[in-house]
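Notes follow once the structure below has been shown.
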Amino acid sequence: MGSVGQDSATIISAGSALTAEKLLDSGVTAPERTAEYALRLGDDALILAQRLSWWISRAPEIEEDIALGNIALDTLGHARMLLTYAGTAWDRSEDDLAYFRTEEEFRCAQIVEVDNGDFGRTVAKNLIMSAYFYELYSRLVDSADETLAAIAAKAVKEVDYHLDHAVQWTLRLGIGTEESAGRMRAGLRDVWPYLDELFEDEPLHDDLEGIAVRPSTLRAPVMERLEVVLAEAELEVPEVKQARTGGRRGEHREALGFLLAEMQSLARQHPGATW
Amino acid sequence: MTSENTPAQAPVGQQSESATGGAPAGRHQWPMWEVFVRPSRGLSHVHAGSLHAPDAQMALRNGRDLYTRRNEGVSVWVVPTAEVSASDPDRRDAFFESAKGKEYRHATYYTKSEGVKHL
């Protein structure tokens, strides 16, 4: 693309960043309950990444196409680490978990299932999810579970950028034109009903004191972040009823079935295929 | 995105908007920006390419996404393309002719004087 590309072969340094492969090589095994927790986080990341990757070749500008693709890829990386770790408890690979589970076995929150809609809705969803991920991972780095802490340490730096991207677009759409502000408002209204679920505590979190981040503790910091951004973007917090929750129990929206059908079809037709 | 040696021209009339980073322009009006990246082992920013963005803040982020994907850089500059003045590639011969044949402008042209040790 640019002249910088010629230099890159000599300056590639992947650093010591954690990857799914390294995690597997380390031979670590997740305790059962910890694995269930990692599965929730992993499914959130996986389904959001799948949704975001839809934008590749469809974004309003090629630069934005790449930005959303980057965010999808980062998020998929988080999913791979989390699902790999979860799978160690059940002797299942990340692919087993991603491609060979049915809808009701997924533990993602319903907000990540919501259709992309237009750019405004995608930005609204990214804003909420990146604020949530940021607050979550910045606490999970202190987890007593070393693997979860390491995954969070890698992820938090990336979601920091995702949040910045979403904030920048929220501001531009919010104070842009009548059209852009209208789309941003509609997008926020569409995804806002799924907020509560992100902050719902379960017995699982009681069992994982010191290991998991208690979802209810994230509500105040996430909401504060969102309110500040919306105020600056001259947008209001939508007054909408909260939807019925259940994603963490395998109760999902219709949209997830279609998403999984597309995501899993190739792996199911050609099990074990690599390329 | 373009990667020619000469900066591509931004659409006419976009200059003031891009320079001030004012209200984002419409889809077909995003102005062009030149991106400079300082490599992690380099001292100066090097032209990496160009891109479209609604304003300076977004241009920096797009520059990061496009030109630092493989850990190439530690710093990014963006400049509105419309603010770059470039020499005319079609007039290259005349423009640079004067420098040719003037070897005495290079240090290697000169022979070292006798007795000079540290040069």
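Some observations on this one:
Let's see how each residue does on (1) within 20 Å of A:Ile56 (Cα to Cα); (2) of a type outside the set (D, E, K, R):
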position: A:Tyr99; (1), (2): no, yes
position: A:Glu105; (1), (2): no, no
position: A:Asn116; (1), (2): yes, yes
position: A:Leu136; (1), (2): no, yes
position: A:Ile151; (1), (2): no, yes
position: A:Ala181; (1), (2): no, yes
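- Annotation note: of B:Gly73, B:Gly49, the sole residue that is within 13 Å of another protein chain (Cβ to nearest Cβ), under 26 Å from A:Ala166 (Cβ atoms), modelled with pLDDT of 90 or more and open to solvent by less than 30 Å² (accessible area, probe 1.4 Å) is B:Gly49.
- Looking across segment A:53-76, the residues that are more than 16 Å from A:Asp164 (Cα to Cα) and either away from chain B (no Cβ under 14 Å) or touching a residue at least 60 places away in the same chain (Cβ under 8 Å) (or both) come down to A:Ser53, A:Trp54, A:Trp55, A:Ser57, A:Ala59, A:Leu76.
- Taken over segment A:54-98, residues that are of a type in the set (A, V, I, L, M) and outside any helix (DSSP H, G or I) amount to 3.
- Criterion applied to A:Glu36, A:Glu94, A:Glu135, A:Glu32 was being more than 16 Å from A:His165 (Cβ to Cβ) and out of contact with any helix residue (DSSP H, G or I) (no Cβ under 9 Å at 6 or more places or on another chain), and the one residue passing it is A:Glu32.
- Set A:Glu224, A:Glu232, A:Glu209, A:Glu239: member being of a type in the set (D, E, K, R), in contact with a Leu (Cβ under 7 Å, 6 or more places away or on another chain) and open to solvent by 60 Å² or more (accessible area, probe 1.4 Å): A:Glu232
- In the set A:Asp196, A:Asp190, only one residue is charged (D, E, K, R), surrounded by 12 or more Cβ atoms within 10 Å (Cβ to Cβ) and touching a Lys or Arg at 6+ places or on another chain (Cβ under 6 Å); that residue is A:Asp190.
- Condition check for A:Glu200: at pLDDT 95 or above and closer than 28 Å to A:Asp115 by Cβ: yes
- Residues satisfying the stated conditions in segment A:173-185, i.e. more than 13 Å from chain B (Cβ to nearest Cβ) and surrounded by fewer than 16 Cβ atoms within 10 Å (Cβ to Cβ): A:Gly182
- A residue that is part of a strand (DSSP E or B) and either at pLDDT 90 or above or open to solvent by less than 60 Å² (accessible area, probe 1.4 Å) (or both) occurs nowhere in segment B:101-110.
- Pairing each residue of segment A:194-223 that is at positive phi with any residue that is part of a loop (DSSP other than H, G, I, E, B), provided the two are 6+ apart or on different chains, yields C-beta distances under 9 Å for A:Gly210/A:Asp142; A:Gly210/A:Ser143; A:Gly210/A:Ala144; A:Gly210/A:Asp145.
- For segment A:143-168, the set of residues classified as open to solvent by less than 20 Å² (accessible area, probe 1.4 Å), among the hydrophobic types (A, V, I, L, M, F, W, C) and within 14 Å of chain B (Cβ to nearest Cβ) consists of A:Leu163, A:Ala166, listed by residue number.
The values are calculated or read from the model by the stated rules, or taken from the named source; none is laboratory data. None of these values were measured; they are calculated from a predicted model. Don't worry about glycine lacking a Cβ; one is built from the backbone with ideal geometry, like all the others, and counts go over all protein chains shown. Heavy atoms of the whole protein, side chains included, go into the accessibility calculation; ligands, DNA and RNA do not. Shrake-Rupley method; radii C 1.70, N 1.55, O 1.52, S 1.80 Å.
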